[in-house]
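The structure under discussion appears below in the form of structure tokens.
No value in this document is a laboratory result; all are computed from the given coordinates. Quantities reported herein were computed from a predicted structural model and do not represent experimental measurements. Positions of Cβ are generated from backbone atoms using ideal geometry, with glycine treated the same way; all protein chains shown enter the neighbour counts.
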Amino acid sequence: MFGTIALSSKALADYEPIVGEEALAELHRLARPLQGVRVLHLSVAAFGTAVADTLSSLVPLMSDLGLPSQWQVLRPAQEFFAANKAMYDALAGVGARWNAEMEAVWHEYTAMNAELFAEEFDIVVVHDPQPGGILSVFTDRHGRRPSGRWVWHCHLDLSEAQPDVWRLMQRYCHAYDALAFDLAEYVPKDIEAPIITVIEPAIDPLGPKNMDLPPETVTAMLERYGVDPARPIVCQISPFDRWHDPLGLIEAYASAEKQVPGLQLVLVAAYLAEEPEMRAYYEKVARRAEAHPDVFILSSHSSLRGLGNVELNAFQRAALATAQKSIRKGFWVAASDVLWKKRPVVASPLGGIPRQVIDGETGYLARTTEQFAQRIVELHQQPELAARLGRAGRQHVRANFLVTRYLRDYLRLFQRMVAPPAA
């Protein structure tokens, strides 16, 4: 079997002050015919990703509603890491050195994990592309499908996927009873399934990344990392790669700092790849930052001075604005983390960002380095504007991007997939 993640219990009733009695009543109504349905969520990583953050809340809430749920992760193996990452990058459309050898390694990885599937569930949700072949391989090897109905939830924008890798993945999609995507625009036009649905990402307002923090706790955490809480702060929390353009944000900061004396920029590396070219990019960013004494490079990655979710929470709360200077598509639900804290976001108008950052209402969409700098200066010079955007941002997230809405979407999908278990 796979590794089962031990999770703390959660009570749906705790969310009533946030989302209201009516929203919880709907969840209980949707869950009533699903009582006793056993659910497995299967993913690649147990932490460090938006999927992992969401599952740590979604799974215990499903159990609280009477659907016994587990979260398991695939067996990690170093020899498969390069092929899995190349597949992910290729499907995300960022370019990958994919070849026949990598395809063979991926097949080996899929077969190994298919043999580990030994339990029975009523519904199995497979997250992300790397384990997407498990259902078909299990069926081919054993001459029968594993128990239950199966969902493949792809959290990637496949619109620019490499054709050869998408053709490989597409062969395995037909076996699933349902396919779920993060945005309607992410659904490939050449895909078929009994059910195709959209489940947009969401955040947990009561999780460590978003729970309320006392001001003195925020101050203490900033000071621990040498950041002055009395001076204005802009931060970006993202992987450290060219697709998230930390170099461009440093350039925007340097321009804004001329009009905002004492401005500080905090760059938090949410993910650090081990490939030589990625490490070289990180070092290039670090060298560029050395020219600016008020640019701080931190990390939520264990190989550096690791920040946990509570520390990330504190930096977002302290910032006058958070940036997301991406040049690659993606949903980037982290924008909702910031908006929930009543802080405006300045972000690139890509992927799911415009669903969260409504230009001029909950933050600003910026296309150029100059626009990023301009909006940062504007938010500092007009605190009442920043406050208004922050309030609107929190309400927008409350209505659209909380884990209770995510749970509702899954319950609706499950109702379409399974009949109530026999009494």
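Projected onto the charge dipole of segment 215-400 (+1 at Lys/Arg Cβ, -1 at Asp/Glu Cβ, origin at the Cα centre), which of Leu263, Gly393, Pro246 gives the Cα projection farthest towards the positive end?
About the Cα centre, the residue reaching furthest to the positive side is Gly393.
Determine by what factor the alpha-carbon radius of gyration of the chain differs from 2.2 N^0.38 Å, reporting the quotient.
Against the empirical 2.2 N^0.38 Å value, I get 1.00 for the chain.
Kindly give the semi-axes, whole Å and largest first, of the ellipsoid equivalent to segment 16-127, taking each as the square root of 5 times a Cα gyration tensor eigenvalue.
Three semi-axes, in Å: 34, 17, 11.
Could you let me know the centre-to-centre spacing of segment 68-134 and segment 156-204, using Cα atoms, in angstrom?
Computed from Cα coordinates, the inter-centre distance equals 15 Å.
Can you give the % of DSSP beta bridges in the chain that are antiparallel, to the nearest 5?
So the antiparallel bridges in the chain amount to around 5 percent.
DSSP loop GluC sites (Glu not before Pro) in segment 189-235 with at most 12 other Cβ atoms within 10 Å of their Cβ, which ones?
Glu192
Which of Tyr186, Tyr364 has the fewest other C-beta atoms within 10 Å, and how do the rest follow up to the most?
Ordered from fewest to most neighbouring Cβ atoms within 10 Å, Tyr186, Tyr364 come out as Tyr186, Tyr364.
Which of the GluC sites (Glu not before Pro) found in segment 70-145 are in a DSSP loop and have at most 16 neighbouring Cβ atoms, other than their own, within 10 Å?
Within segment 70-145, the qualifying GluC sites (Glu not before Pro) (loop, at most 16 other Cβ atoms within 10 Å) are Glu119, Glu120.
Averaging over every viewing direction, what projected area does the convex hull of the Cα atoms of segment 361-423 cover, in nm²?
Over every viewing direction, the Cα hull of segment 361-423 projects on average to 6.6 nm².
Grab the Cα-Cα distance for Ile191 and Glu290, subtract it from 0.36 nm times how many residues apart they are, and report the gain in nm with one decimal.
30.8 nm
What order, most packed first, do the peptides 313-319, 90-96 have when packing is the mean number of other Cβ atoms within 10 Å of each residue?
Ranked by mean Cβ neighbours within 10 Å, highest first: 313-319, 90-96.
How many nm is it between the label spots at Val198 and Tyr225, if each spot is 7 Å from the Cα in line with the beta carbon?
So the label points at Val198 and Tyr225 sit 3.4 nm apart.
Let me know the volume per residue of the alpha-carbon convex hull for segment 215-400, in Å³.
Spelled out: Cα convex hull of segment 215-400, divided by residues, is 105 Å³.
Using Cα pairs under 8 angstrom and six or more residues apart, how large is the relative contact order of the chain, in percent?
Relative contact order for the chain comes out at 15 percent.
Along Cα→Cβ, 7 Å out, is where each label goes; now give me the distance between the ones at Arg391 and Glu216 in nm to one decimal.
2.9
Against the longest alpha carbon principal axis of the chain, how many degrees, from 0 to 90 and to the nearest 10, is the axis of helix 100-115 turned?
60
What 222 nm value per residue comes from the helices of the chain, counting each DSSP H run with n ≥ 4 as -39,500 (n - 2.57) and dividing by all residues, nearest 500 deg cm²/dmol?
Per the formula, -13500 deg cm²/dmol.
Near the amide H of Ser299, under 5 Å away, which other amide H atoms are found, from residues 5 or more places off or on another chain, if H is placed in the peptide plane?
Distant-sequence amide H within range of Ser299: Ala269, Arg305, Leu307.
Work out the FRET efficiency for Glu277 and Ala100 from their Cβ-Cβ distance, taking R0 = 22 Å, and round it to the nearest 0.05.
In this case the efficiency is close to 0.45.
Only counting other Cβ atoms within 10 Å, I'd like Thr322, Thr197 sorted with the fewest neighbours first.
Thr197, Thr322
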